[in-house]
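Beneath this line is the structure, given in structure tokens, with notes to follow.
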Amino acid sequence: MPETEQRSINSGKRMIAVIGAGIIGISIAWRLARSGERVLLIDPLAPGSATSFGNAGHIASEQIFPLASPETMLAAPRLLFGRNSPMHIRPGYAHRIAPWLLKFAWASRPSAYRRGIEALLSLQRKSLESMRALCADAGLSELLRTQGHLVVAESEKSLPALDAKRLALARHGIEAVPLAPEEAVARAPFLKRGIAGALLLPRTGHVLNPHSLCTGLHQRYSEAGGQTLRARIERIEILDNGGGDGGFVLWHEAGQIKADKLVLAAGAWSAPLARQLGHAVPLDTERGYHVTAEGAPNLGGIAVESHERRIIVTPMDCGLRITGIVEFGGLDLPPNPRRHEDLKRHLRELAPEMELGNLSEWMGFRPSLPDMLPVIGHPPANPNAIFAFGHQHLGLTLSAITADIVSALVAGRTPPVDLRPFRPDRF
Ligand SMILES: Cc1cc2nc3c(=O)[nH]c(=O)nc-3n(C[C@H](O)[C@H](O)[C@H](O)COP(=O)(O)OP(=O)(O)OC[C@H]3O[C@@H](n4cnc5c(N)ncnc54)[C@H](O)[C@@H]3O)c2cc1C
């Protein structure tokens, strides 16, 4: 994997800098390099080693209901203070997250929630097809499985809620097929026997290894002529040539880079750089955890979401992975070991017959705005910059469509999705 210092910053062709080599930045960089642009991807870490490393791998095209919803507000006391809740606030971070939570509450009112559904739908209608095309163009289709996933109810009590979910999805044109327990287990052989019921979401999928998708795309990007710089951008200087088209100087610990255009895709770390480009965005992080049973036998099958536990188990080429939990704790506090213990218990209970082997642990930082929509598009103050961050629980799912949108913006074409709901200045 070539990781080069930028060789020539003045070779005639305009230079596009992409800040952040997570799945969003890599997908964008690959699409741009492939269309013949001169691209420099910048990150202090190896490609795909932050949040995009350890997600559930779920291509969650069915997720059209923003977490900021009247339903979440009603459940908030139970969610935040319940013993086995999937949502937590770290005590040392409560005062820091309070303003974000107030904005979340405001975004949960019914009218905003309905607009949020329409906005997510506009991306999700294209997400799976875009992902298929991205993987095919990059020769990485073997990493993508598109046989859907299951939502299972473990107790009879949950069956009405499962059916309500099916009807709510159907109202928005998303198919969910009820399955008998034994049919569900046939599709996910690692799953325990004795569940109460299941839905098959046939138009979703999963990747066999989110990190391999990142490294594979990065390799294709490099082969297409894209360059990579291992550096943390500390300061962005906007050049003014009098015509508003002066480009940028990006300062890092070892020097500076001149770029004509800039894509900011630094995930949960994007806010300070966005501020330097003129926008204070209320970006915070919903930390999430995974445990991967590296020694579990590979039985194949599709991913399983437990309706009651709010976690997902995905069969991957690196083992059986369980992910979940929303923890408000910012970017600096260490992981809470209890969360990993909770996930291990869930995994043992959901896959009791599996030999799990070594259990590796990980925590990542979902980049989340209070209305649970990403920021995608030009910041009004600077037509040469493009923001592409804040994809919360859906960054993998929406990476390919985000790359399509950014490619269109760079090329001056109309983007495939109306970007007004994703404006950086909407707060
Ligand atoms: C437990 C868990 C499970 C998840 N499951 C799913 C799932 O199944 N499906 C799904 O679609 N999504 C899922 N997600 C969400 C998804 O992983 C994220 O939305 C996605 O990874 C965000 O990608 P990103 O490229 O924006 O950020 P990241 O992958 O975090 O990358 C951002 C990069 O920017 C770099 N950076 C930061 N600051 C700078 C700087 N100043 N200069 C240069 N570079 C910088 C960082 O080093 C990092 O490499 C999950 C998340 C978690 C935590």
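The values are calculated or read from the model by the stated rules, or taken from the named source; none is laboratory data. These numbers were taken from a predicted model, which means no experiment stands behind them. A quick note on method: Cβ atoms are made from the backbone with ideal geometry, for glycine too, and the neighbour counts reach across all protein chains shown. These area figures cover heavy atoms from the full protein model, side chains too; ligands, DNA and RNA do not enter into them. Shrake-Rupley method; radii C 1.70, N 1.55, O 1.52, S 1.80 Å.
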Expressed per residue, the solvent accessible area of the stretch 51-150 in Å² (1.4 Å probe) is about 49 Å²
Sorted by chain and number, the residues with a modelled amide H under 5 Å from that of Gly197, at a separation of 5 or more or across chains, are Ala153
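When N counts the residues of the stretch 292-413, how does its alpha-carbon radius of gyration compare numerically with 2.2 N^0.38 Å, as a ratio?
Working: Rg = 18.3 Å, N = 122, 2.2 N^0.38 = 13.7 Å.
Expressed relative to 2.2 N^0.38 Å, the Cα Rg reads 1.34.
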So, with points 7 Å from each Cα along the Cβ direction, the Glu182-Trp251 label distance in nm works out to 6.9 nm
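Leaving out ligands and nucleic acids, note down the accessible area per residue over the stretch 176-314 with a 1.4 angstrom probe, in whole Å². Don't skip to the end; give the middle numbers.
Working: 5290 Å² over 139 residues.
Accessible surface, normalised per residue, equals 38 Å².
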Whole-Å distance linking the alpha carbon centroid of the stretch 10-79 with that of the stretch 278-333 is 16 Å
Helix 159-170 sits off the longest principal axis of the Cα atoms of the chain, rounded to the nearest 10 on a 0 to 90 degree scale, by 40 degrees
Rounded to the nearest 10 Å², the 1.4 Å probe accessible area of Leu356 is 20 Å²
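Rank these residues by their accessible area, most exposed first, probe 1.4 Å: Glu355, Glu129.
Numbers: Glu355 135, Glu129 110 Å².
So the residues, ranked largest to smallest area, are Glu355, Glu129.
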Expressed in square angstrom to the nearest 10, the accessible area of Val249 with a 1.4 Å probe stands at 10 Å²
Across the chain, qualifying lysine pairs (alpha carbons under 17 Å, at least 8 places apart or different chains) come out at 4
Residue by residue through the stretch 249-262, the couplings from Karplus 6.51 cos²θ - 1.76 cosθ + 1.60 with θ = phi - 60°, in Hz, x for Gly and Pro, are 10, 9, 9, 10, 4, 10, x, 9, 9, 9, 10, 7, 10, 9
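For the stretch 319-370, with only Lys/Arg (+1) and Asp/Glu (-1) charged at the beta-carbon, what is the dipole magnitude about the Cα centre, in debye rounded to 20? Show your work: numbers first, answer last.
On the way: 7 positive and 8 negative charges, 18 e Å.
Rounded to the nearest 20 debye, it is 80 debye.
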The chain: spread of alpha-carbon positions along the three principal axes, whole Å, largest first, is 68, 43, 40
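Taking Cα pairs under 8 Å and at least six residues apart, what relative contact order does the stretch 119-271 come out at, in percent?
20 percent
Leaving ligands, DNA and RNA out of it, report the carbon-plus-sulfur percent of the accessible area of the chain at a 1.4 Å probe.
Numbers: 9380 of 17680 Å².
Looking at the chain in its full context, I get 53 percent from C and S.
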Per the C-alpha gyration tensor (a ≥ b ≥ c, the square roots of its eigenvalues), the stretch 339-392 is rounded if a/c is under 1.5, else prolate if a/b beats b/c, else oblate; here it's prolate
Any residue on another chain or 5+ positions along whose placed amide H is under 5 Å from the amide H of Met15 is listed here as Asp260, Lys261
For the stretch 39-195 the mean separation of alpha carbon contacts under 8 Å (6+ apart) over residue count, i.e. relative contact order in percent, is 22 percent
For the chain, the longest principal axis of the Cα atoms and the Cα long axis of helix 23-34 enclose an angle in degrees, to the nearest 10, of 50 degrees
Taking Cα atoms, the helix 94-107 axis meets the longest principal axis of the chain at an angle in degrees (rounded to 10) of 80 degrees
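For Phe365, Phe53, give the ranking by accessible area with the largest first, probe 1.4 Å. Let's see the in-between values first.
Numbers: Phe365 30, Phe53 70 Å².
Result of the area sort, largest leading: Phe53, Phe365.
Taking a ≥ b ≥ c as the square roots of the Cα gyration tensor eigenvalues, with a/c under 1.5 meaning rounded and otherwise prolate when a/b beats b/c, else oblate, which class fits the stretch 202-271? Working shown, then result.
On the way: a/c = 2.26, a/b = 2.04, b/c = 1.11.
Because a/c hits 1.5 or more and a/b exceeds b/c, the stretch 202-271 counts as prolate.
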With all protein chains in place and a 1.4 Å probe, Arg132 shows an accessible area in Å² (nearest 10) of 90 Å²
Toy charge model, Lys and Arg Cβ at +1, Asp and Glu Cβ at -1: the chain dipole around Cα centroid in debye, rounded to 20, equals 720 debye
Yeah, the stretch 62-110 with a ≥ b ≥ c from its alpha-carbon gyration tensor (a/c under 1.5 is rounded, else prolate when a/b outruns b/c, oblate otherwise) is oblate
Given backbone amide H placed at 1.01 Å from N, residues whose amide H is under 5 Å from that of His149, ignoring those fewer than 5 places away on the same chain, are Leu201, Thr204
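What percent do you get for the relative contact order of the chain when only Cα pairs under 8 Å and 6+ apart count?
Working: 951 pairs, mean separation 106.0, N = 427.
RCO, the chain: 25 percent.
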